[in-house]
Amino acid sequence: MQTRVNINYVFSLAFALNALAFSLFLQAGIANPLQQREVVNSEFGTMNVESIKEIIERQPNLSTALGMEFISTPDDDLCMATMKVDERNRQPFGFLSGGASLALAENVAGVGSSALCPGKICVGISVSGSHVKAVAEGDTVTALAHLVQKGRTLHVWNVEITDSSGDIISVVHVTNYVVNPKVKEKSNKGVK
């Protein structure tokens with residue numbers, strides 16, 4: 001008898017276990033194992049989001065308005081962010097808004113693509129997700145974005161958002177478009 005294995009299920013399970021282990025480290029009061037390693041950005045290095053965080057913090061934007069915090073990781077295909085559930089991102093009923101979850105997923109994938117492609121502009125062109133559990137105000141959610149495909153102009157990410165207990169609350173698929181910034185041309189109007 002031949003057994004078929006759903007590869008998406010295997011990756012989802014591994015991803016969930018990784019998130020659970022991370023949550024357990026934090027709950028046990030153990031220092032963040034991801035922040036203890038040296039973080040450098042190289043072709044085969046780690047996911048360093050520090051320069052992207054500096055860009056984000058320069059002016060008001062959705063990430064800062066919703067309370068997203070981006071975290072560098074030791075894996076070059078994994079990006080992480082956290083977001084406290086509070087008045088900035090909850091529904092009137094006191095639960096995390098599904099739109100805020102999708103925004104978190106799109107932003108963490110965008111930060112990941114931007115970290116992998118310095119000097120490029122990375123924009124989300126497709127975001128699709130499923131919400132499987134509610135999260136009450138006061139909790140903190142963690143988004144782990146795993147890079148599935150890194151092309152020259154398209155990056156595909158799978159993002160799992162978990163609550164502080166490590167339970168999956170949303171699963172999101174994000175596609176980013178990577179482009180070169182346009183150079184502004186100087187106007188020669190009025191010059192003879």
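The values are calculated or read from the model by the stated rules, or taken from the named source; none is laboratory data. Worth saying up front: this structure is predicted, and the values here are computed from it rather than measured. A quick note on method: Cβ atoms are made from the backbone with ideal geometry, for glycine too, and the neighbour counts reach across all protein chains shown. For accessibility, only protein heavy atoms count, side chains too; no ligands or nucleic acids. Shrake-Rupley method; radii C 1.70, N 1.55, O 1.52, S 1.80 Å.
Things worth noting here:
- Given (1) of a type in the set (Ser, Thr, Tyr); (2) at pLDDT below 50; (3) in contact with a strand residue (DSSP E or B) (Cβ under 9 Å, 6 or more places away or on another chain), index of the condition Thr3 fails: (3)
- For the stretch 123-174, filtering for residues that are under 20 Å from Gly67 (Cβ atoms), in contact with a His (Cβ under 8 Å, 6 or more places away or on another chain) and hydroxyl-bearing (Ser, Thr, Tyr) leaves 1.
- Pro118 meets each of the listed conditions (1) within 26 Å of Lys182 (Cβ to Cβ); (2) in contact with a strand residue (DSSP E or B) (Cβ under 8 Å, 6 or more places away or on another chain) apart from (2).
- Meets criteria (open to solvent by 10 Å² or more (accessible area, probe 1.4 Å) and either polar (S, T, N, Q) or modelled with pLDDT of 95 or more (or both)) for Ser113: no
Residue by residue, here is whether (1) part of a strand (DSSP E or B); (2) touching a residue at least 40 places away in the same chain (Cβ under 8 Å); (3) under 15 Å from the mean Cα position of the chain (by Cα) holds:
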position: Ser63; (1), (2), (3): no, yes, yes
position: Asp75; (1), (2), (3): no, no, yes
position: Glu87; (1), (2), (3): no, yes, no
position: Pro92; (1), (2), (3): no, no, no
position: Ala100; (1), (2), (3): no, no, yes
position: Ala105; (1), (2), (3): no, yes, yes
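- For Phe70: the one exception among (1) part of a strand (DSSP E or B); (2) closer than 16 Å to Ile169 by Cβ; (3) of a type outside the set (A, V, I, L, M): (2)
- Every residue from the stretch 138-183 that is assigned to a loop (DSSP other than H, G, I, E, B), touching a helix residue (DSSP H, G or I) at 6+ places or on another chain (Cβ under 7 Å) and open to solvent by less than 40 Å² (accessible area, probe 1.4 Å): Gly166
- The residues in the stretch 116-128 that are open to solvent by 40 Å² or more (accessible area, probe 1.4 Å) and either acidic (Asp, Glu) or in a strand (DSSP E or B) (or both) can be counted, and the count is 6.
- Counted residues, the stretch 33-61 - those being modelled with pLDDT of 50 or more, surrounded by 11 or more Cβ atoms within 10 Å (Cβ to Cβ) and not in a helix (DSSP H, G or I): 6
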